[in-house]
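Visitor: Dumping the structure here so I can ask a few things about it.
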Amino acid sequence: MTAAAPPSLGALPPHLTRPDGPTRLSSNYGHTVSLLEENLPDAEEWEPSNGSPPMTLDEIEEAIGKWEEDLRSKGREISGRTIVVTHSLPYVCTLHKTASHSTKLDDHILPDAGEESVLGSGATTPLEMGPGDPLLRTRALHSPTSTNLHASKHKMPPLSFPDPAKSLKPSFHPALPPSRAASPAPSPLHAPTELPPDLRHRTHSPDPAAIQQQQQHRWVLHPRRGHSALNAGLRSLKDRPLLVVGRPDDLVKAEGDLLGSNELSDDAKRDLEQGLRKMAGAKEQGIGCVPVWLDDALHTRFYEGMCKEYLWPIFHYLSLPDNISKKTEQAAWEAYYETNLIYAKKVASVYKPGDLIWIHDYHLLLVPEMLREILKDQSPHISLFLHCPFPSSEFFRCLPRREALLDGMLGCNLVCFQAHSYARHFLSSCVRVNGYEARLGGVDVKGRVVHLAHCPIGIDVDNVEHDRTQPGVAPKIEALRRVYAGKKIIVGRDKLDPTKGVLPKLRAFERFLHDYPEWADKVVLMQVTSPSPGDSPALAAKVGELVDQINGTYGSLEFQPVHHYHQTIERDEYFALLTVADLALITSRRDGMNTTAMEYVICQAEAKGPLIVSEFTGVSSVLSKAVKINPWDLGGVARAIDSCLKMPLEEREARHNVLYRAVKSQTASVWAHANILKLLESLQGEQATQNTPLLDEEAVVTKYAAAKRRLLMFDYDGTLTPIVKDPSAATPSEGLLKSLEVLAADPRNIVYIISGRDGAFLEEHLGHIPNLGMSAEHGCFLRAPGQSKWTSLTDELDMDWKKDVTRIFRYYEARTQGAFVEKKVSSVTFHYRNADPVFGLFQAKECQAMLESMQESLPIDVLVGKKNVEVRPAHTNKGEIVRRLLYQHPDAEFCMCAGDDKTDEDMFHSMARIFSNSTPGGGPTLVHPPASFSTFPSLARAVKEEDDEGALPEDLSQPVESHLDPSATFMIAIEALETAGAKMTMANAVLESPTALIALLGRLADISRKA
């Protein structure tokens, strides 16, 4: 993609070469995204190297504390609480309709005292929930997915679990309020234990008449298996106040049947909601939950519609169905939008200023923007983590609602991904699809920078280490070794999903047996395929047929090379299988991460077995020493299997040591804390802008009325008139013209319009106003107040540089389709707004770097605008004009400067500089002469001639003493309401629109009329 070196130009130094690319921003953990990496031709799957060791959990926690302290010291509100928003709560909620505290069904529901969590109807205190919260148990949630609830209706655990009398804790059954009666006395099997002292005062005498209506139901919670990495990360945040917002997806009757939320009574919903919330404890220092109640039909349309029919396929590089119609797509989108809005409103209802909001995965992509709108007056701190891959922009743009989805995600302060390539794809989509500008480390969204980062998820290493050493694992290891003695075991565990690559794995194994017949009867593939809610019967049939084909071709009556288990296996069996394996084979076609590979590495601490992973999984970027394969290259996978089975012990140990350190250092706990840290860092980056207050108009009016001399400077487009598609249509309103006439006529005022427009346009629309000063083309042309003739500063300059600059621009114009060159009297501009946004930006940066290398030999300024690069004479920017006016009028006691875009930041910077070196009570404020006096001697002479009052020194190289006071200096940024206070600006105040500024000028004009 890099263009060849341009032809030799007279003004170019002979040694000129392509400049180095920008330095990437990165931290020890969780890289941010570079602007130009997407443009590299070989960067599609490139991952950045990290020379420094990753931060430890203790270091990240310490950094979080320091960032929070720093933000608070700078006036940012940080509550210390995190609201986690997920599609589903991490619990299976079982409803018991009973007239007693416990039933015989509890023999099957409550495994042991450490695992149960009961929410009784009428619970009034949070103390019952803390000790029994399954999410906080060390072994609560592990990787093997539980049996599919939708297929098996929540199978009961075996009858071998302890008696409920030994597992139920009396404190879980709260005392009843006076309005409710106590339950009937429990049977002797469940003899009550004396209540703790802090609960004794809450006991009440039962009212026999009310016994029938009390304790009609109670809730029992089990950990929802699956999503172990996410839940382990949340569990690691238990020392911080944490609130999990999500839908109770797994509602189950005590008999094991699925339960829809529409079937629940209001009392049952209320009791579950109150109990889940109170799990955090009285001071909300633990993990509490807030359920989101959705209509069952709406959730079905939401999940089976937009989520599974559109987003899941596109994010995993699968084509959309051929039978999509506008009607079905509209219905799916409406359900997705409505569901996201319900989640957003629920989060807003529990939000407190200063909370960190952490949203998860593709189900809730619209929630960030919705929250930004609902909480627009509170500037919420929002992060989104996408667990699945993010496709390239060419694939993402196939989605019907692509723009709205991107805008929804960009409502965040930080968008984080599993891998660096996913973040680059997202950045490319924002540029190509929505037309936003990329920034180093983020995306510029209407002046607000959304930061991008990647931070791969990990596993709970301590949990895996604990589980693999349990007593039940060793016997199964010995049994497997006995059954497969003398054979190499290849293990695979995947969901039955097209993206998990079960079929390519079986085909590659078949190719391996064909190409390497010496391994016949010496290798067995043990493939565990877990059921998933979206199981495809057609895919299951293909897998079964292929297994039979391989076993029929390469097996015998005594031996079958493929053992396929389409089921969920127990935890002990799972870890025994990972431990006894000689090789793990992961051939996912697309996968966000894949934690099975990490668990395999931990289980191979002794055997040092090699690992083969698909290069299309997120984990391939984390486990650098795994053998990476292309699952579509069957021969390549077969060669990798042969190589790994023959790999010498020394190489296996070297590879495994690196893999083990990577898994141990990048755990789920580190991932969760690193995401919090990255969000806080993104807030720090916005510190200078988030605190920009709205303009205090009353202070402006008061200071204006009291001042004896005033300096008013205004940009034109976007400041005095709204931005319009047709620039010629941006004409001043009648109210603006009247106010400018009055303000310019006031002898105490100096009023200037400082614009990038040409002089002809300004003369046409504003030239009739006497005493109005104007500057055109960013200061190249001037018309002083009270004069009718324009002064061209370019007359004193050698403009021969335009020939060389034009040649360079023409070179890039010819190589950038859609680009064009605009020539003005004082400047030359390269526009690429009609070019491919990414390649156009790439070419513009190449061009910019070349031009900047010429600045040492030519008197030019290179200005990067919106979709353009402009070259103009040096010292002719808006900031130079402001410096000259401040120097020329040191007696001004009031100063107002207003603008709306990047070119106006030069004005604000010039004004801010005059106060940067002064301190209260430290002496007068000095204004130094502008550089344009030396560049344009005629300008200096004209300024001296206009100094009728003798305010300037004889030697214009000397500074002057300014009468300005910071309290009477107003630098006003005009920003749209939705981005107010969010732009990267040096202004000290904001107004929401040109209309608001015109209204303010009307008030100031009224003061001048009355004076």
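The values are calculated or read from the model by the stated rules, or taken from the named source; none is laboratory data. Just so it is clear, the model here is predicted, and its values are computed rather than measured. Every residue, glycine as well, gets a Cβ built from its backbone with ideal geometry; the counts of neighbours run over all protein chains shown. For the accessible areas, the whole protein counts, side chains as well, though only heavy atoms, and no ligand, DNA or RNA atoms are used. Shrake-Rupley method; radii C 1.70, N 1.55, O 1.52, S 1.80 Å.
Visitor: Compute the Cα gyration tensor for the range 514-611, then decide on rounded, prolate or oblate, letting a ≥ b ≥ c be the square roots of its eigenvalues: rounded whenever a/c is under 1.5, prolate when a/b is larger than b/c in the other cases, and oblate in all that remain.
Guide: On the way: a/c = 1.74, a/b = 1.11, b/c = 1.56.
Note, shape of the range 514-611 comes out oblate.
Visitor: Sticking with this one: Accessible area, 1.4 Å probe, largest first: how do THR791, THR969 sort?
Guide: Values: THR791 65, THR969 5 Å².
Heavy-atom accessible area, descending, gives THR791, THR969.
Visitor: If you don't mind, another one. Put +1 on the Cβ of each Lys and Arg and -1 on the Cβ of each Asp and Glu in the range 813-955; which of ALA844, ALA931, ALA814 then has its Cα farthest toward the positive end of the dipole?
Guide: Of the candidates, ALA814 comes out farthest on the positive side.
Visitor: Once you've got the Cα coordinates, tell me which of LYS446/LYS902; LYS738/LYS878; LYS505/LYS625; LYS488/LYS608; LYS505/LYS542 are over 22 Å apart. Walk me through the numbers before you get to the answer.
Guide: On the way: LYS446/LYS902 12 Å; LYS738/LYS878 25 Å; LYS505/LYS625 20 Å; LYS488/LYS608 14 Å; LYS505/LYS542 13 Å.
Beyond 22 Å between Cα atoms: LYS738/LYS878.
Visitor: Let me ask something additional. Sequence neighbours fewer than 8 away in the same chain don't count; with that in mind, list the aspartates and glutamates whose C-alpha is under 14 Å from LYS74.
Guide: Filter leaves GLU681, GLU686.
Visitor: If amide H atoms are built 1.01 Å from N in the plane of the peptide, which residues on other chains or at least 5 residues away come under 5 Å of the amide H of VAL292?
Guide: GLY246, ARG247
Visitor: Taking the Cα centre of the range 722-773 as the origin and placing charges on Cβ (Lys, Arg +1; Asp, Glu -1), which of LEU772, SER733, LEU743 is farthest toward the positive end of the dipole?
Guide: In the range 722-773, that residue is LEU743.
Visitor: Oh, and also: List, in order, the whole-Hz ³J(HN,Hα) value for each residue of the range 513-519 obtained from phi through the Karplus relation with A = 6.51, B = -1.76, C = 1.60 and θ = phi - 60°; use x for Gly and Pro.
Guide: Karplus-based 3J(HN,Hα) across the range 513-519 equals 5, 6, 7, 10, x, 5, 8 Hz.
Visitor: Let me ask you something else. Give the accessible area for ASP726 in Å² (nearest 10); use a 1.4 Å probe, count only protein heavy atoms, and leave out ligands, DNA and RNA.
Guide: 80
Visitor: Skipping prolines and chain starts, which residues have an amide H placed within reach, meaning under 5 Å, of the one on VAL84, given they are 5 or more residues away or on another chain?
Guide: Sorted by chain and number, the residues that satisfy this are LEU243, VAL244, VAL245, TRP358.
Visitor: Just the C-alpha atoms of the range 705-774: what Rg/Rh do they give, with Rh taken as the Kirkwood radius? Please report the intermediate quantities before stating the final value.
Guide: On the way: Rg = 12.4 Å, Rh = 12.7 Å.
Rounded to two decimals, Rg/Rh equals 0.98.
Visitor: If you don't mind, another one. Hey, rough spin-label estimate for ALA520 and LEU341, points 7 angstrom out along Cα→Cβ, what's it come to in nanometres?
Guide: Rounded to a tenth, the inter-label distance reads 6.6 nm.
Visitor: While we're looking at this one, here's another question. Order 450-463, 798-811 from most to least packed using the mean count of other Cβ atoms within 10 Å. Mind dumping the intermediate values first?
Guide: On the way: 450-463: 24.7, 798-811: 17.4.
Averaged packing, sorted descending, gives the order 450-463, 798-811.
Visitor: Within 15 Å, Cβ to Cβ, of ALA672, how many net charges do the neighbouring residues add up to if Lys/Arg are +1 and Asp/Glu are -1? Numbers along the way, then the final one.
Guide: Numbers: positive: ARG81, ARG235, LYS238, ARG240, LYS678; negative: ASP58, GLU59, GLU61, ASP239, ASP361, ASP460, ASP462.
With Lys, Arg at +1 and Asp, Glu at -1, the net is -2.
Visitor: I would also like to ask the following. Quick check for me: using +1 on Lys/Arg Cβ and -1 on Asp/Glu Cβ, what's the dipole size of the range 328-412 about its Cα centre, in debye to the nearest 20? It would help to have the intermediate numbers written out before the result.
Guide: Working: 8 positive and 11 negative charges, 39 e Å.
Once rounded to the nearest 20, the dipole reads 180 debye.
Visitor: Just to be sure I follow: if Rg is taken over the C-alpha atoms of the range 335-387 and Rh is the Kirkwood radius over the same atoms, what is Rg/Rh? Numbers along the way, then the final one.
Guide: Working: Rg = 10.3 Å, Rh = 11.1 Å.
Rounded to two decimals, Rg over Rh is 0.93.
Visitor: Using a cut-off of 13 Å between alpha-carbon atoms, which aspartates and glutamates can reach LYS487, once sequence neighbours fewer than 8 places away in the same chain are excluded?
Guide: Output for LYS487: GLU518, ASP521, ASP582.
Visitor: A follow-up question, please. Dipole magnitude of the range 483-558 about its Cα centre, charges +1 at Lys/Arg Cβ and -1 at Asp/Glu Cβ only, in debye to the nearest 20? Mind showing how you got there, number by number?
Guide: Working: 10 positive and 10 negative charges, 55 e Å.
For this selection, approximately 260 debye.
Visitor: Sorted by average packing, counted as other Cβ atoms within 10 angstrom per residue and highest first, what order do 219-229, 68-78 take? Mind showing how you got there, number by number?
Guide: On the way: 219-229: 22.9, 68-78: 14.4.
Ranked from most to least packed, the peptides come out as 219-229, 68-78.
Visitor: Return the whole-Å distance between the Cα centroid of the range 526-573 and the Cα centroid of the range 695-766.
Guide: 76
Visitor: What spacing in nm lies between the two simple spin-label points modelled at ASN630 and GLU822, each 7 Å away from Cα in the Cβ direction?
Guide: Here the modelled spin labels are 4.5 nm apart.
Visitor: Take the alpha carbon atoms of the range 805-819, find their center, do the same for the range 623-652, and report the distance between the two centers in whole angstrom.
Guide: 48
Visitor: Using the Karplus equation 6.51 cos²θ - 1.76 cosθ + 1.60 (θ = phi - 60°), what ³J(HN,Hα) coupling, rounded to whole Hz, does each residue of the range 251-257 give in order, writing x for Gly and Pro?
Guide: Those phi angles translate into 9, 9, 7, 4, 6, x, 7 Hz.
Visitor: For the range 576-720, taking Cα atoms only, what is the radius of gyration to one decimal and the Dmax to the nearest whole Å?
Guide: 28.7, 90
Visitor: Any idea of LEU858's accessible area? Nearest 10 Å², probe 1.4 Å.
Guide: In the full protein context, LEU858 sits at about 40 Å².
Visitor: OK, next. Taking amide H atoms as placed 1.01 Å from N in the peptide plane, list the residues 5 or more away in sequence, or in a different chain, whose amide H sits under 5 Å from that of LYS488.
Guide: VAL523, VAL524
Visitor: For the peptides 994-1003, 952-961, what is the packing order when you average, over each peptide's residues, the other Cβ atoms within 10 Å and list the highest mean first? Display every interim value, and only then the final one.
Guide: Values: 994-1003: 18.4, 952-961: 13.7.
Top to bottom by mean Cβ count within 10 Å: 994-1003, 952-961.
Visitor: Cut-off under 20 Å on the C-alpha distance; same-chain residues fewer than 8 positions from LYS97 excluded. Which lysines are left, in chain and number order?
Guide: Result set, ordered by chain and number: LYS153, LYS155, LYS169, LYS253, LYS269.
Visitor: Here's something else I'd like to know. If you add up the charges near VAL864, with Lys and Arg at +1 and Asp and Glu at -1, over every other residue whose beta carbon is less than 11 angstrom from its beta carbon, what do you get?
Guide: 0
Visitor: Got the relative contact order for the range 850-900 handy, in percent, Cα pairs under 8 Å and 6 or more residues apart? Write out the running numbers ahead of the final one.
Guide: Working: 23 pairs, mean separation 10.3, N = 51.
Contact order relative to length: 20 percent.
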